[in-house]
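Trainee: First the structure, which I've put down as structure tokens, then a few questions once you've had a look.
The values are calculated or read from the model by the stated rules, or taken from the named source; none is laboratory data. Because the structure is a prediction, the values reported are computed rather than measured. Cβ placement follows ideal geometry from the backbone for every residue including glycine, while neighbour counts extend to all protein chains displayed. Ligands, DNA and RNA are stripped out before the accessible areas are found, and what is left, the full protein with its side chains, is counted by its heavy atoms. Shrake-Rupley method; radii C 1.70, N 1.55, O 1.52, S 1.80 Å.
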Amino acid sequence: MERQFTEEIRSLRLGAGETFHGEGILAVTKALLQSGVAYVGGYQGAPVSHLLDVMVQARDYMDELGVHVEACTSEASAAAMLGASVSYPVRGAVTWKSIVGTNVASDALSYLASAGVIGGALIVLGEDYGEGGVVAQERSHAYALKSMMWLLDPRPNLATIAAMVERGFELSEASNTPVMMELRIRACHVHGSFTARNNRAPLVSTRNLMEEPADFLYERLAHPPAIFPQEKKKSAVRLPAARKFIAERGLNELFAGDDSSVGIVVQGGLYNNLVRALQILELANSFSDDRGGCRVPILALNVVYPLVPEEIAAFCARKKAILVLEEGQPEFIEQEIATILRRADLDTRLHGKDQLHMAGEYNTEAMVRGLMKFLAAHTPHVDTSSGRRWLEQVNATKGKAAELLGALPQRPPTFCIGCPERPVFSAMKLVAQEIGRPHVAMDVGCHAFASFEPFSQGNTLLGYGMSLASAAGVTPMSARRPVAVMGDGGFWHNGLLSGVASNLMNKGDGVLVIMKNGYASATGTQELISTPPEEARAAAAGASAAGADTTIESTLKGMGVKWQRTVDNYDVAAMAKTYREAMTTREKGLKVIVAEGECQLERQRRLRPQLAKKLAQGERNVRVKYGVDEDTCTGDHSCIRLSGCPTLTVKENPDPLRTDPVATVIEGCVGCGLCGENAHAAILCPSFYRAEVVQNPGAWDRLLARLRGFVTATA
Ligand code: SF4
Ligand code: SF4
């Protein structure tokens, strides 16, 4: 797994009155335990992976409390897990990356929302929207609306986040409705503190079992005809109950301001950016967070769905105008507020998307611009010149940066040094030179880095585990066989059924390359059903442990895949030969290449402490490193175009008569061997050499080195 959470696990045990310090997402984890959660599940994905990772590592403490933790195989299984709260008075929480995870979970969520819950059900969503987001840019808000599940969007400070977790469970129980809580990237990673409360061991738990199953109650099943009254109940019973709870418990926060002619309604999650923007405009001070100090009144919506009409109307009454700060499209909140104002017969002017952009993140700069427009229109007496000066500075800095960086090439993200997936794409690139460029269906995962230079592959990306399925319409219409690339994470998440089973059932064709690196690497190297067992990893020492598990191969065989080969990724020639065969064979049906090579990141994590221990004990160690002979290097850089390894780069040509920079291998090379493999497979210039760096050399090593030095000096 990505990291050890020893310190964080300790802080999960904090009791009443002690101070919890840490990240927002870990505050959620602690608050779940304070709420008496009985079961937790989820599927990893930034920015919420840590929630589950910590709980998985804290299994002993979870057992002590009686909390069941499950690393689910997809968001759909996590959502379905909340079914426990439909029939039993137990609190459950699940987590995943949204919007993609919510898409996968949506079937189970619809049924869950229809049946309703009696135990609190909380869904913690990593809202991966805006700068830094890595998924299709959409909002989870739409799911809340269509299923009538409530959506929390807490102010990004730890005390509010923790409190909203606890209130979230209560709201869920008070309205018999699942509650979602969206946390943007920055909210998950914001650091701070809050005063802890004691953890509550759940009443029904793995230590305190239920003697009998729940009574059979037909109306709890989301099944016709029960679904019809359930649908009516959502708006007739659950919605009013939720609004009552939100208003009575004061979940939304009002920050008074001394100019009450205008006001701002903001999603709780955007509050910090708003206060920063107001500070730049000299309309708020550093204490505006909790103690006021803001000139414009703010209604911070910690619950963005449902809104409480009376609360909105009371805030807007006697105001000339309000500005709604709502990130992303469409403007759900603004539209709802428009309806509330109309129904309440209030003539307060409503602004929002007319002053700020429709799509994309609302950062401080966007807010300063929007606020200046809004204030200029409705409070011309307010001096906003500090905002204008600040924006001029920002523009000047951007201009200067563009001037300085203008000539620099773009530096796209890429695979880790020595990644086993890179050689597969080298092989594919080599074969494409012979047979032509095929249609490449890409998938979500580390291999998506191959869409950047130097591989630039991928015609489609339709979601996690969907590559093979996305080629289904292309394959029958292509003269050249398309290829789908999928990681083992994607294979187990969705690819097995959506892709492989569908292809086999429809007697399809095509090539599927499965990157068997052993983990769900892109999300932090979480374990899969095919992760090599711990003992095999320990025994593998420096070698790849990926081959120690063959669940993928036997599953494919069991399903009826006739043509399948498992190939060592780093053997570029063998990989190219197998791939060429798959692409050109006359044999019909799906061809699967299982590209085997353990995730280098995880392998290095295993090796580093072993190596450090060995060196500290004075033991001899041989480290392989590759290099380039600068006299032989022709400077055509074909090796770089075939590899893209960050440690294979260029340096100035030491020969004053040659101007082209030469290739060089810098510190950091993990000796994966790809450089040598590529040089052979592509018949490149013979400039690569393999060196063995001997650490803690013995007498024989020293003697050999002296002899070699002597020979080379006299040659
Ligand atoms: S995390 Fe593993 S699989 Fe992903 S790029 Fe790094 S080495 Fe490759
Ligand atoms: S051998 Fe080549 S590809 Fe492998 S880590 Fe070293 S420089 Fe990178």
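Table: residues versus (1) over 20 Å from VAL624 (Cβ atoms); (2) surrounded by 12 or more Cβ atoms within 10 Å (Cβ to Cβ).
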site	(1), (2)
PRO656	yes, no
ALA663	no, yes
GLY676	no, yes
CYS685	yes, yes
ASP701	no, yes
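Trainee: While we're looking at this one, here's another question. Taking the range 547-574 as the region of interest, how many residues are within 30 Å of the chain's Cα centre (by Cα) and in contact (Cβ under 8 Å) with a residue 60 or more places away in the chain?
Mentor: 3
Trainee: A further question follows. With the requirement that a residue be surrounded by 16 or more Cβ atoms within 10 Å (Cβ to Cβ) and either charged (D, E, K, R) or touching a Phe, Trp or Tyr at 6+ places or on another chain (Cβ under 7 Å) (or both), what does the range 322-348 give you?
Mentor: Within the range 322-348, LEU323, LEU325, GLU326, GLU327, GLY328, GLU331, GLU334, GLU336 meet the criteria.
Trainee: Looking only at the range 9-46, count how many residues are closer than 25 Å to THR531 by Cα and surrounded by fewer than 24 Cβ atoms within 10 Å (Cβ to Cβ).
Mentor: Within the range 9-46, residues that are closer than 25 Å to THR531 by Cα and surrounded by fewer than 24 Cβ atoms within 10 Å (Cβ to Cβ) number 2.
Trainee: Could we say that ALA536 is more than 24 Å from the chain's Cα centre (by Cα), under 29 Å from ALA71 (Cβ atoms) and part of a helix (DSSP H, G or I) here?
Mentor: Spelling it out, ALA536 is indeed more than 24 Å from the chain's Cα centre (by Cα), under 29 Å from ALA71 (Cβ atoms) and part of a helix (DSSP H, G or I).
Trainee: Here are LYS507, LYS429: which of them is of a type in the set (Lys, Arg), open to solvent by 10 Å² or more (accessible area, probe 1.4 Å) and either on the phi > 0 side of the Ramachandran plot or without any contact (Cβ under 8 Å) to a residue 12 or more places away in the chain (or both)?
Mentor: One residue alone meets the criteria, LYS507.
Trainee: Taking into account only those residues within the range 381-409 that are in a loop (DSSP other than H, G, I, E, B) and more than 20 Å from LEU274 (Cα to Cα), which is farthest from ligand 2 (Cβ to nearest atom)?
Mentor: HIS381
Trainee: For the range 553-565, state whether one or more residues are closer than 15 Å to GLY487 by Cβ, among the charged types (D, E, K, R) and surrounded by 14 or more Cβ atoms within 10 Å (Cβ to Cβ).
Mentor: Looking for residues that are closer than 15 Å to GLY487 by Cβ, among the charged types (D, E, K, R) and surrounded by 14 or more Cβ atoms within 10 Å (Cβ to Cβ), one finds none in the range 553-565, hence no.
Trainee: Being under 25 Å from MET466 (Cβ atoms) and more than 21 Å from the chain's Cα centre (by Cα) is the filter here, so list the residues in the range 82-106 that pass it.
Mentor: Scanning the range 82-106 gives a single hit, LEU82.
Trainee: Being touching a Ser or Thr at 6+ places or on another chain (Cβ under 9 Å) and not β-branched (Val, Ile, Thr) is the filter; apply it to the range 253-270 and report the residue that is modelled with the lowest pLDDT.
Mentor: ASP259
Trainee: Would you pick out the residues in the range 361-380 that are loosely packed, with under 14 Cβ neighbours inside 10 Å and either among the hydrophobic types (A, V, I, L, M, F, W, C) or assigned to a helix (DSSP H, G or I) (or both)?
Mentor: Selection gives ALA376 alone.
Trainee: Related question: Within the range 386-408, count every residue that is surrounded by 11 or more Cβ atoms within 10 Å (Cβ to Cβ) and of a type in the set (Ser, Thr, Tyr).
Mentor: 1
Trainee: Right, next: Report, by residue number, each residue of the range 350-360 that is part of a loop (DSSP other than H, G, I, E, B) and open to solvent by less than 20 Å² (accessible area, probe 1.4 Å).
Mentor: Those that are part of a loop (DSSP other than H, G, I, E, B) and open to solvent by less than 20 Å² (accessible area, probe 1.4 Å): GLY352, LEU356.
Trainee: Right, next: Test VAL56 against the criterion of being farther than 30 Å from GLY130 by Cβ and assigned to a helix (DSSP H, G or I), and give yes or no.
Mentor: Criteria not met by VAL56.
Trainee: Let me ask another. Would you please name the residue that is most open to solvent (accessible area, probe 1.4 Å), looking only at residues in the range 117-133 that are small (Gly, Ala, Ser) and closer than 20 Å to THR523 by Cα?
Mentor: Only one residue tops the list, namely GLY132.
Trainee: Still on this structure, I have one more. Looking at the range 636-686, which of its residues are at positive phi and either within 16 Å of ligand 1 (Cβ to nearest atom) or β-branched (Val, Ile, Thr) (or both)?
Mentor: Hits for the range 636-686 are GLY644, GLY668, GLY671, GLY673, ILE683.
Trainee: Keeping to the range 449-473, report how many residues are without any contact (Cβ under 8 Å) to a residue 40 or more places away in the chain and of a type outside the set (Ser, Thr, Tyr).
Mentor: 13
Trainee: Also: In the range 76-92, which residues are open to solvent by less than 40 Å² (accessible area, probe 1.4 Å), assigned to a helix (DSSP H, G or I) and of a type in the set (A, V, I, L, M, F, W, C)?
Mentor: ALA76, ALA78, ALA79, MET81, ALA84, VAL86 - these are the residues of the range 76-92 that are open to solvent by less than 40 Å² (accessible area, probe 1.4 Å), assigned to a helix (DSSP H, G or I) and of a type in the set (A, V, I, L, M, F, W, C).
Trainee: Would you pick out the residues in the range 31-53 that are assigned to a loop (DSSP other than H, G, I, E, B) and modelled with pLDDT under 95?
Mentor: Result: GLN44, GLY45, ALA46, PRO47, VAL48.
Trainee: While we're looking at this one, here's another question. Please determine, by comparing only the residues of the range 660-684 that are away from ligand 2 (no atom under 15 Å from the Cβ) and touching an Asp or Glu at 6+ places or on another chain (Cβ under 9 Å), which one is modelled with the highest pLDDT.
Mentor: The residue in question is PRO661.
Trainee: Quickly run through the range 535-547 and pick out the residues that are surrounded by fewer than 18 Cβ atoms within 10 Å (Cβ to Cβ) and not charged (D, E, K, R).
Mentor: ALA536, ALA538, ALA539, ALA541, GLY542, ALA543
Trainee: Do any strands (runs of 3 or more DSSP E) entirely within the range 568-651 hold 2 or more residues that are surrounded by 15 or more Cβ atoms within 10 Å (Cβ to Cβ) and at pLDDT 95 or above, and if so, which?
Mentor: The qualifying strands (runs of 3 or more DSSP E) are 591-596.
Trainee: Can you pull out the residues in the range 591-634 that are among the small types (Gly, Ala, Ser) and within 16 Å of ligand 1 (Cβ to nearest atom)?
Mentor: Within the range 591-634, ALA595, GLY597 meet the criteria.
Trainee: Please verify whether the range 411-424 includes one or more residues that are open to solvent by 10 Å² or more (accessible area, probe 1.4 Å) and more than 30 Å from GLY547 (Cβ to Cβ).
Mentor: Yes, there is a match, as at least one residue in the range 411-424 is open to solvent by 10 Å² or more (accessible area, probe 1.4 Å) and more than 30 Å from GLY547 (Cβ to Cβ).
Trainee: Further, regarding this structure: Given the conditions (1) without any contact (Cβ under 8 Å) to a residue 60 or more places away in the chain; (2) farther than 26 Å from ARG537 by Cβ; (3) touching a Pro at 6+ places or on another chain (Cβ under 8 Å); (4) open to solvent by 50 Å² or more (accessible area, probe 1.4 Å), report the number of the one that PRO476 does not fulfil.
Mentor: Looking at each condition in turn, PRO476 falls short on (3).
Residue-wise test of (1) within 16 Å of ligand 1 (Cβ to nearest atom); (2) surrounded by 23 or more Cβ atoms within 10 Å (Cβ to Cβ); (3) not hydrophobic (A, V, I, L, M, F, W, C).
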site	(1), (2), (3)
ILE435	no, no, no
SER451	yes, no, yes
GLN457	yes, no, yes
ARG481	no, no, yes
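Trainee: Scan (1) touching a strand residue (DSSP E or B) at 6+ places or on another chain (Cβ under 8 Å); (2) open to solvent by 40 Å² or more (accessible area, probe 1.4 Å); (3) among the aromatic types (Phe, Trp, Tyr) for the single condition TYR464 breaks and write down its number.
Mentor: Every condition holds for TYR464 apart from (1).
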